[in-house]
Amino acid sequence: MNHEIIFRPSGVKVVVGHGTSVLAAARKAGVHIPTRCGGKMGCLMCKISVDEEAGKQLSRPAESEKRKLGSLVQQGVRLACQSKIHGSLAVSIPEDRLKAAIRKQLEAARQGEKDELW
């Protein structure tokens, strides 16, 4: 059985087999999810966000994942390396903090340029 997964914010879609990890699906789709441990739950870098409905399409978090993430699990945060796909869903990949800061600065600069033009 195959399932479609959509990665946000890019909108990239990929079809993968039942039980594929979100990390493996991202790699197949060419979507970068940071990791240092190679998917062994050692670095905690591969966090993704899912809403309640999407969360139902993933495997339940194991006790080890719950311990690592703590209360973040209740907020819809999962580890891509540990989340197995059981149905079609969309996941959000949090923006890298450095990229987010640069994007905000560029947006502010563009807004300043618009103000000067008016």
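The values are calculated or read from the model by the stated rules, or taken from the named source; none is laboratory data. Because the structure is predicted, anything quoted here is derived from the model rather than measured. Cβ: placed from backbone, ideal geometry, glycine included. Neighbour counts: every protein chain shown.
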Output the residue which, of all residues in the range 27-53 that are in contact with a Pro (Cβ under 9 Å, 6 or more places away or on another chain) and modelled with pLDDT under 95, is nearest to HIS3 (Cα to Cα).
MET45
Consider ALA24 carefully, then state whether it is over 17 Å from GLU4 (Cα atoms), outside any loop (DSSP other than H, G, I, E, B) and free of Cβ contacts under 8 Å to residues at least 60 places away in the same chain.
no
Unique match (being within 20 Å of CYS43 (Cβ to Cβ), among the basic types (Lys, Arg) and modelled with pLDDT under 85) among LYS84, LYS68, LYS99
LYS99
Can you pull out every residue in the range 78-102 that is farther than 12 Å from LEU58 by Cα and not small (Gly, Ala, Ser)?
ILE93, PRO94, GLU95, ASP96, ARG97, LEU98, LYS99, ILE102
Among (1) within 14 Å of the chain's Cα centre (by Cα); (2) of a type outside the set (Gly, Ala, Ser); (3) modelled with pLDDT of 95 or more, the one test that LYS56 misses:
(1)
Output yes when any residue across the range 49-63 is closer than 15 Å to VAL31 by Cβ, acidic (Asp, Glu), surrounded by fewer than 17 Cβ atoms within 10 Å (Cβ to Cβ) and out of contact with any Asp or Glu (no Cβ under 7 Å at 6 or more places or on another chain), and no when none is.
no
Which residues, counting only those in the range 27-44, are within 18 Å of GLY11 (Cα to Cα) and in a loop (DSSP other than H, G, I, E, B)?
GLY30, VAL31, HIS32, ILE33, PRO34
Among residues belonging to the range 78-91 that are surrounded by fewer than 18 Cβ atoms within 10 Å (Cβ to Cβ) and under 14 Å from the mean Cα position of the chain (by Cα), point out the one that is nearest to PHE7 (Cα to Cα).
ALA90
